[in-house]
Structure formats: structure tokens, C-alpha cells
Amino acid sequence: MNTVRKLILLASLSASLSAFSASASAIEFKSVGGDPAIAYDAPSAKGRKVYVAPRGMPVETVLTYGDWTKVRDSAGDLFWLESKALTPKRMLIVKAPNARIHSAPDDGAALVFSADKGVLLELSEPAAAGWLKVKHRDGQVGYAKVTDVWGGG
């Protein structure tokens, strides 16, 4: 193979790897806005309605296509939502049977409250050393383990 072909191949491979690593590391989470949203199996209101996503439900964005966003929920299911139904406000869903929310990011810190599986919490601060600062809708604030919630990325 001549030198020019090798350089072109190498440049192409490098660009492909850069694009792949950028997209693979860019996990974005959003939440369903103020009203429940209808989930579809395709990016169209003519698609089959598969689910009603409740207000505040956290989702991982997979793809945006026009006015539609393909999302993944905490169960791993994929569906389409109208992009206008999503908000950048970060909500988390408790996936542990009884998540313990502490006053500081430490297992030995005082317990502020416990949250049952399925409870929504608002993300106050991003992850730091395996902990997320969260807020319950009743106003209580504390730290949850990243492994106890979904949507923290």
C-alpha cells in the first residue's frame, strides 16, 4: 500500500474513533416536563402509542430526529417522545429497595431520609466520588449513592 493511501486510511480511522468516543461518552439525561407525555414506537404522532410517560420521569436521550427524541427509560425500554415534552431538569428514580439519603456523601453520615424504590428525586449536584446530592419533593436534601438511583449518569 502506498504512503498516501496509508495516510488517508489512518486519518479516516482516527476521525471515526474520535467521533465514536465523543458520542459514547456523551450520555445525556432529561426529564418529562410538567405534563405526562405520550410515548410512541416511531418519531411521529401517527406511530403506535406505547406508553404514557409520567411528569418528572427521567430518561436518557439516545437520538434526536427533528421534533422527536428517542429515549431510554430506567427499565431499558426505548421509545420516542416529542422533544418539547422534555425538560433539562434532572430527575432521578430510586432503583434500590430502600435508598438511604445521608447528610453528607459518606455512609457514616447522619441519615436524612429513606426513599422507596420508584420515588423521584431531583438532582441538585452532579456525581462526586460515587454520591449525588438530591432533593425530595418535600424539600429534604441529602446525598444518595449513585448505585441506588437511575438517571444520574
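At-a-glance table
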| item | result |
| --- | --- |
| Loop sites in segment 40-142: trypsin sites (Lys or Arg not before Pro), DSSP, at most 12 other Cβ within 10 Å | Lys46, Arg48, Lys117, Arg137 |
| Area accessible to solvent at Thr64, 1.4 Å probe radius, in Å² | 90 Å² |
| Computed accessible area, Asp138, all protein chains, 1.4 angstrom probe, square angstrom | 110 Å² |
| For Asp67, solvent-accessible area (1.4 Å; no DNA, RNA or ligand), Å² | 120 Å² |
| Rough spin-label spacing in nm, given labels placed 7 Å along Cα→Cβ, for His136 and Leu78 | 3.7 nm |
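The values are calculated or read from the model by the stated rules, or taken from the named source; none is laboratory data. Here the structure is a predicted model, which means the values were calculated and not measured. Methodologically, a virtual Cβ is constructed for each residue, glycine included, from the backbone with ideal geometry; neighbour enumeration extends over all protein chains shown. These area figures cover heavy atoms from the full protein model, side chains too; ligands, DNA and RNA do not enter into them. Shrake-Rupley method; radii C 1.70, N 1.55, O 1.52, S 1.80 Å.
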